[in-house]
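The values are calculated or read from the model by the stated rules, or taken from the named source; none is laboratory data. Keep in mind that this is a model prediction, so the values were computed, not measured. So basically every Cβ, Gly included, is an ideal-geometry build from the backbone, and we count neighbours across all protein chains shown.
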Amino acid sequence: MKEKYLFFQNAANDCMIYPLKNLKSVEAASTALNFTFDTIAGEDILQVTCAADEHRSLVDLATFLGGPVHNDGVYVIADD
């Protein structure tokens, strides 16, 4: 099975990619989702702004990540 990766980009020179298997949790905040990842140094928490309906955003995210692996295995979560 092909490994899945999550891609986050905030600016031209500010991007990160994490293996999906390192995702510990996604927590809804006010108009944001907080992604927590296990890392060698401990934990990284990334905040992504979303629509006002955080519940719908979480459901859409779970549906997106639970689907088949894309041809390259990279899921773009945020790309400013």
Output for segment 11-38, where each listed residue is assigned to a strand (DSSP E or B), surrounded by fewer than 11 Cβ atoms within 10 Å (Cβ to Cβ) and modelled with pLDDT of 85 or more
Ser25
Can we say Ala62 is part of a strand (DSSP E or B), among the small types (Gly, Ala, Ser) and surrounded by 11 or more Cβ atoms within 10 Å (Cβ to Cβ)?
no
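Condition check ((1) farther than 25 Å from Lys2 by Cα; (2) of a type in the set (Asp, Glu); (3) exposed (fewer than 12 other Cβ atoms within 10 Å of the Cβ)) across all residues:
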site	(1), (2), (3)
Val48	yes, no, no
Ala52	yes, no, yes
Ile77	no, no, no
Asp80	yes, yes, yes
Matching residues in segment 39-77 (at pLDDT 90 or above and among the aliphatic types (A, V, I, L, M)) number 4
Note on Leu61: of the conditions (1) over 16 Å from Leu23 (Cα atoms); (2) in contact (Cβ under 8 Å) with a residue 24 or more places away in the chain, unmet is (1)
Scanning segment 1-10 for residues that are not acidic (Asp, Glu) and not in a strand (DSSP E or B), which turns out surrounded by the fewest Cβ atoms within 10 Å (Cβ to Cβ)?
Met1
